[in-house]
Amino acid sequence: MSKKTLVLGASLKLDRYSNIAIRKLVKYGHDTVAFGMKAGELMGVTIDKELEQYQDLDTVTLYLNPTRQKEYYNYIIGLHPKRVIFNPGTENPELYALLKENNIDFEVACTLVLLSTNQY
């Protein structure tokens with residue numbers, strides 16, 4: 001089952017985990033959208049440089065450190081995703097609390113591992 005996913009902190013650099021995540025999400029058949037500092041395209045996924053109001057998101061997977069996340073708190077909550085995945089290095093108790101207050105599930109996990117082990 002496809003889970004529409006926003007990769008927040010997407011990169012065009014092939015060695016970045018966000019880039020690998022986009023490629024794997026597409027490979028596994030998940031509808032994927034992305035936001036990053038540089039616009040571009042990767043495997044048919046447009047990396048937006050402007051924040052979009054994506055609809056029907058299942059998951060936001062984070063590739064921004066906690067300090068960088070602050071400016072996106074309201075944006076993430078306003079998207080009303082079913083869950084937010086905190087990849088290694090993105091753990092953020094302050095955002096966990098805000099998500100709980102807004103009834104949004106979250107997990108501290110690795111998107112790449114979840115996909116590879118069929119737990120996504």
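The values are calculated or read from the model by the stated rules, or taken from the named source; none is laboratory data. Since this is a predicted model, take the numbers as computed values, not measurements. A quick note on method: Cβ atoms are made from the backbone with ideal geometry, for glycine too, and the neighbour counts reach across all protein chains shown. SASA here: full protein model, heavy atoms, side chains in, ligands and nucleic acids out. Shrake-Rupley method; radii C 1.70, N 1.55, O 1.52, S 1.80 Å.
Once you list every other residue whose beta carbon is under 12 Å from the beta carbon of Asp58, what net charge do they have if Lys and Arg are +1 and Asp and Glu are -1?
Cβ neighbours under 12 Å give a net charge of +1.
Determine the relative contact order of the chain: mean sequence separation of Cα pairs under 8 Å and six or more apart, normalised by residue count, in whole percent.
Averaging sequence separation for qualifying contacts and normalising by length gives 23 percent for the chain.
Probe radius 1.4 Å, ligands and nucleic acids ignored: give me the carbon and sulfur share of the accessible area of the chain as a rounded percent.
Carbon and sulfur: 50 percent of the exposed surface of the chain.
For the chain, what does -39500 (n - 2.57) per DSSP helix run (n ≥ 4), summed and divided by total residues, give at 222 nm, in deg cm²/dmol to the nearest 500?
Taken over the chain, the calculation gives -8000 deg cm²/dmol.
If you filter the stretch 1-94 for GluC sites (Glu not before Pro), then keep DSSP loop positions with at most 16 other Cβ within 10 Å, what is left?
Taking the stretch 1-94 and a limit of 16 other Cβ atoms within 10 Å, the loop GluC sites (Glu not before Pro) found are Glu50, Glu52, Glu91.
In nm², what is the average projected area of the convex hull enclosing the Cα atoms of the chain?
6.6 nm²
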